Amino acid sequence: MAIKIITIDGPSGSGKGTLAAKLAQHYQFHLLDSGAIYRLLGLKLLKKNLLSQLDTQLKVCVQTAEKLDIEFKSIEDGLLVLLDGQDVSKEIRTETVGEYASKVAAIPELRAALLQRQRDFAVAPGLVADGRDMGTLVFPEAQVKLFLTASAQSRAERRVKQLQQMGVAAKIDGILANIEARDQRDTQRAVAPLKAAVDAKIIDSSKLSIDEVFAEMLTHIDHSFAISHSD
Ligand code: DC
């Protein structure tokens, strides 16, 4: 039986991460947080003093990406993320590391170096993959593709709340500016720009609660699985 794949793409703060985790739990599928992989590479390159030399040291950066020692472990209240055996779960969620990730993600050679690693997450019974190019490039064969979006303002408000819950002080203006700058970079870049796959279901979550979006997704996914089952 083919491995079932659900992709969720969309901009930062649209709620993808939360919903991907809920869907993985609901269907008992594996979970790929591809943004975390870009964040881990950004952090690793910073630690190796290579982040400011992406152009001149590209070969070494690609080798670093290929050898990246990372591990994801599901824990009761989320995901434990290890880099070189060390817990960096909290560190990779900061705005600063998000900026590193966005820089790394704009380099085609680094994206290519991470491609197979992401595809390796597709194991039985299924996978929920969250990112920017999951439905377009990494898993074009996915049975269900979702594109989750929301206005920049509502995403900034959610991000502030999320950071505050993690005990990180945050101001809305700075966060909004960061989100807009990152959107710009993610949608305008030449390689794998953020866009919905032609066969994706687009959901705007600006005025919806997580539970409402979740319910809409379940209806769509169950319907899609039922159709692909009867093919
Ligand atoms: O989803 P996130 O905020 O953790 O992603 C961090 C950065 O990585 C963001 O700038 C977009 C980029 N990214 C990407 O280009 N492709 C992916 N599949 C996932 C993330």
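General observations
- Residues being closer than 13 Å to residue 12 by Cα and among the aliphatic types (A, V, I, L, M) - total across the range 176-231: 5
- Only one of the listed residues (131, 98, 126) is crowded, with 19+ Cβ neighbours inside 10 Å, closer than 21 Å to residue 167 by Cβ and in contact (Cβ under 8 Å) with a residue 60 or more places away in the chain. That residue is 98.
- Of the residues 43, 31, the single one that is farther than 17 Å from residue 102 by Cβ, in contact (Cβ under 8 Å) with a residue 12 or more places away in the chain and not β-branched (Val, Ile, Thr) is 31.
- Per-region count, the range 67-92, residues assigned to a strand (DSSP E or B), more than 18 Å from residue 130 (Cα to Cα) and either within 14 Å of the ligand (Cβ to nearest atom) or touching a residue at least 40 places away in the same chain (Cβ under 8 Å) (or both): 1
- Selection status of residue 73, under 18 Å from the mean Cα position of the chain (by Cα), modelled with pLDDT under 95 and surrounded by fewer than 12 Cβ atoms within 10 Å (Cβ to Cβ): yes
- When the range 153-187 is limited to residues that are of a type outside the set (S, T, N, Q), exposed (fewer than 12 other Cβ atoms within 10 Å of the Cβ) and under 20 Å from the mean Cα position of the chain (by Cα), the one that is modelled with the lowest pLDDT turns out to be 166.
- Filtering 54, 40, 19, 31 for residues that are of a type in the set (A, V, I, L, M), within 16 Å of the ligand (Cβ to nearest atom) and more than 30 Å from residue 144 (Cβ to Cβ) leaves a single hit, 54.
The values are calculated or read from the model by the stated rules, or taken from the named source; none is laboratory data. Just so it is clear, the structure is predicted and the values come from calculations on it, not from any experiment. Cβ sites come from the backbone with ideal geometry, for glycine too, and all protein chains shown count toward neighbours.
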